[in-house]
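S.K.: Dumping the structure here so I can ask a few things about it.
The values are calculated or read from the model by the stated rules, or taken from the named source; none is laboratory data. Computed from a predicted model, the values in this text were never measured in an experiment. We place every Cβ from the backbone using ideal geometry, glycine too, and count neighbours over all the protein chains shown. All accessible areas refer to the heavy atoms of the entire protein, side chains included, with ligands and DNA or RNA removed. Shrake-Rupley method; radii C 1.70, N 1.55, O 1.52, S 1.80 Å.
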Amino acid sequence: ILTVEASGIAVASLAAVQFGVPVVFAKKSKTSNLSDNLYSAPVVSFTHGKTYTIVVDKSYITADDRLLIVDDFLARGEALRGLLSIASQAGAAVAGAGIMIEKCFQGGGDELRASGLRIESMAMIERMTDDGQIEFRG
């Protein structure tokens, strides 16, 4: 299972327990406990208005791995694209992505599905109104 820190870790950990596989998470910046032998990818955060460079140590993902990407939210798809880039750099196969909540109105999921990625979302929000109404995709 591959995810990005921090909010994706809880969901990814639950999936990993269910499947009996390990979790690898991309860090949003290089820290002192990481080597310089890293996969990296830029991720634009719409919510925070900044770009992060996510990193994963190369010893954690190899071309022999088959990955499931798991995250809490999917909006514009930037985090998912960054994780796909890291998987590609490693030569690892990606089976698909599991998402807790997809904000369909931001288009990322539809674009990534059109590119051939299998994405399964627990809840798909089609639109939200200013008065608190939520419409789910059927």
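S.K.: Tell me which residues, restricted to segment 9-30, are open to solvent by less than 30 Å² (accessible area, probe 1.4 Å) and within 17 Å of PRO42 (Cα to Cα).
M.R.: Result: ALA26, single match.
S.K.: Scanning segment 57-80 for residues that are free of Cβ contacts under 8 Å to residues at least 40 places away in the same chain and not in a loop (DSSP other than H, G, I, E, B), which turns out surrounded by the fewest Cβ atoms within 10 Å (Cβ to Cβ)?
M.R.: ARG66
S.K.: Given (1) over 21 Å from ALA12 (Cβ atoms); (2) open to solvent by 60 Å² or more (accessible area, probe 1.4 Å); (3) acidic (Asp, Glu), identify the lone condition not met by GLU120.
M.R.: In the conditions (1) over 21 Å from ALA12 (Cβ atoms); (2) open to solvent by 60 Å² or more (accessible area, probe 1.4 Å); (3) acidic (Asp, Glu), GLU120 misses (1) alone.
S.K.: Could you list all residues from segment 95-115 that are more than 13 Å from the chain's Cα centre (by Cα) and of a type outside the set (A, V, I, L, M)?
M.R.: LYS103, CYS104, PHE105, GLN106, GLY107, ASP110, GLU111, ARG113, SER115 - these are the residues of segment 95-115 that are more than 13 Å from the chain's Cα centre (by Cα) and of a type outside the set (A, V, I, L, M).
S.K.: If you go through segment 81-91 one residue at a time, how many are in contact (Cβ under 8 Å) with a residue 40 or more places away in the chain and either assigned to a loop (DSSP other than H, G, I, E, B) or open to solvent by less than 50 Å² (accessible area, probe 1.4 Å) (or both)?
M.R.: Going through segment 81-91 one residue at a time, the tally reaches 6.
S.K.: Any residue at all in segment 27-45 that's touching a residue at least 40 places away in the same chain (Cβ under 8 Å), outside any strand (DSSP E or B) and in contact with a helix residue (DSSP H, G or I) (Cβ under 9 Å, 6 or more places away or on another chain)?
M.R.: no
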